[in-house]
Amino acid sequence: NSSDMDNVLSFVKQHHAAANPKYYGVAKGKNVIIIHLESFQQFLIDDKVDGQEVTPFLNSLYHSKNTLAFSNFFHQVGQGKTSDAENMLETGVYGLPQGSVFSSLGSDNTFQGAPAILNQTAGYSSAVFHGNIGTFWNRNNVYKNLGYQYFFDSSYFDTSQGTTLEYGLKDKLLFAESTKYLEQLQQPFYAKFITVTNHYPFPLTKTDSTFPNVGTSDSAINGYFQTAHYLDQAVHEFFNYLKASGLYDNSIIILYGDHYGLSNSENTTLAPLLGKDPDTWTNFDNAQLQRVPYMIHMKGLKGGIQNQYGGEIDALPTLMHLLGIDDSNYIHFGTDLLSKQHDQVVAFRNNNFVTPKYTVLGDTVYDNATGKAITPDKMTQATLDKDQKKVDKELSLSDTVNNKNLLRFYTPAGFKPVNPSDYNYQDGYQ
Ligand code: GP9
Ligand code: MN
């Protein structure tokens, strides 16, 4: 109803962060290429095992002067995992406290997704490339509501014996086989590649990964390093293609990790590999491991490592501003990471949160500098109470948007509601 929507609008307006003039529009008109790094955690970046880098190519991107590389960027997914990450990155709205918004509401709800916004405001075409079946996470329906023109799922690729693992086509093959479709997309395009090989239980044969076995007692951990190394090579090969084809010169490339690959129960076994003592491992350490990569790379971009705190909910406002598209009329719960007014309180889906100074998990407050649980002084407690209130409000407003399908009552100025029946993913290019 209208008062729900009024509450959402007033929060979003108040919370909006103005674009940073230094970055606004620097990628105007560029192709947008999104590379989804499945289950990829930030600790892999620059990590070495026996002197060997796990992900040398991604490390080189992370340190490139043309990359805005975020060091304190957290995933914010719930049970919807990959689909929650996709939802946040493309709609600026959170997933649900339980289940997946894609699966439970994605067929019927109204969305104002990035593909539709970019098409309507800047003439972008759009496509997703993913080597799994289109029905997984209900993508075949949701993508139509997001305004995706094309969805190349496993039916478009050679999935004969040996080319796939549990979740679909191996990443190197996905990138290689996608280029023939990508080349036909009208530019500028918005194209997303969803990788799968670095997914639990991280199965990969010796022929596919040359990375040494890290030798823990947990085969998932051992596999994780090997599949991450393979994913790194896959992305490297794709970059080589982008450069050779010339697409690199007129594209902005975004890479992000969707969520953790190793769960809290595995972290104490992982700890020694990170130089940590498993006996003093706490929930603070678990929370710190929820960092994932977020990298924005473009030829000529003024990059550098960015230490501000943020999360997946902040990605869309950031990207829209880089493309020179005003996002102030859209229902986005995050804020531009590059804005001076960027909000650095990062909400987890369970209402815990992280700030640059503190990690708040239920009733326990940890000091980020020491990793120790503290009893905050009065002033700090007052600030944290305010932060908690905002986190609770933000998540609950987002839940109302999803659960009550509020966007059907609100169409931003200059935006036309998406008509999902405009799209048919069976026929490829029409
Ligand atoms: C498969 C996939 C995996 O299509 O994207 O999703 P996840 O299990 O990581 O949520
Ligand atoms: Mn995933």
Q: Go through the residues of segment 93-103 one by one and say whether even a single one is in contact with a His (Cβ under 9 Å, 6 or more places away or on another chain), more than 16 Å from ligand 1 (Cβ to nearest atom) and either assigned to a loop (DSSP other than H, G, I, E, B) or on the phi < 0 side of the Ramachandran plot (or both).
A: yes
(Q) Being surrounded by 23 or more Cβ atoms within 10 Å (Cβ to Cβ), touching a residue at least 40 places away in the same chain (Cβ under 8 Å) and either assigned to a loop (DSSP other than H, G, I, E, B) or not aliphatic (A, V, I, L, M) (or both) is the requirement here; does V142 meet it? (A) no
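Rundown of residues vs (1) over 17 Å from G92 (Cα atoms); (2) surrounded by 13 or more Cβ atoms within 10 Å (Cβ to Cβ); (3) of a type outside the set (G, A, S); (4) touching a Ser or Thr at 6+ places or on another chain (Cβ under 9 Å), yes/no style:
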site: L384; (1), (2), (3), (4): yes, yes, yes, yes
site: E394; (1), (2), (3), (4): no, yes, yes, no
site: D399; (1), (2), (3), (4): no, yes, yes, no
site: G414; (1), (2), (3), (4): yes, no, no, yes
site: V418; (1), (2), (3), (4): no, yes, yes, yes
site: D422; (1), (2), (3), (4): yes, no, yes, no
Q. Hey, any hits in segment 110-122 for a residue that's within 13 Å of ligand 1 (Cβ to nearest atom) and surrounded by fewer than 24 Cβ atoms within 10 Å (Cβ to Cβ)?
A. no
Q. Do you know which residues across segment 200-225 are part of a loop (DSSP other than H, G, I, E, B), within 16 Å of ligand 1 (Cβ to nearest atom) and over 16 Å from T55 (Cβ atoms)?
A. Y200, P201, P203
**Q.** Close pairs (7 angstrom Cβ cut-off, 6 or more residues apart or separate chains): touching a residue at least 12 places away in the same chain (Cβ under 8 Å) in segment 266-281, of a type in the set (V, I, T) and assigned to a helix (DSSP H, G or I) anywhere
**A.** E266/I221; T269/I221; L270/I221; W281/T268
Q. Are any residues in segment 94-128 among the hydrophobic types (A, V, I, L, M, F, W, C), more than 23 Å from V32 (Cα to Cα) and within 19 Å of the chain's Cα centre (by Cα), and if so, which ones?
A. L96, V101
Q: Inspect all residues belonging to segment 116-131 and state whether any of them is away from ligand 2 (no atom under 16 Å from the Cβ), without any contact (Cβ under 8 Å) to a residue 12 or more places away in the chain and at negative phi.
A: no
Q: Could you tell me which of the residues L89, L58 is touching a helix residue (DSSP H, G or I) at 6+ places or on another chain (Cβ under 7 Å), away from ligand 2 (no atom under 16 Å from the Cβ) and among the aliphatic types (A, V, I, L, M)?
A: L58
Q: Would you mind finding the one in V12, V93, V26 that is of a type outside the set (S, T, N, Q), modelled with pLDDT of 95 or more and crowded, with 23+ Cβ neighbours inside 10 Å?
A: V93
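The values are calculated or read from the model by the stated rules, or taken from the named source; none is laboratory data. Quick caveat, the model's predicted, so the values are computed rather than measured. Positions of Cβ are generated from backbone atoms using ideal geometry, with glycine treated the same way; all protein chains shown enter the neighbour counts.
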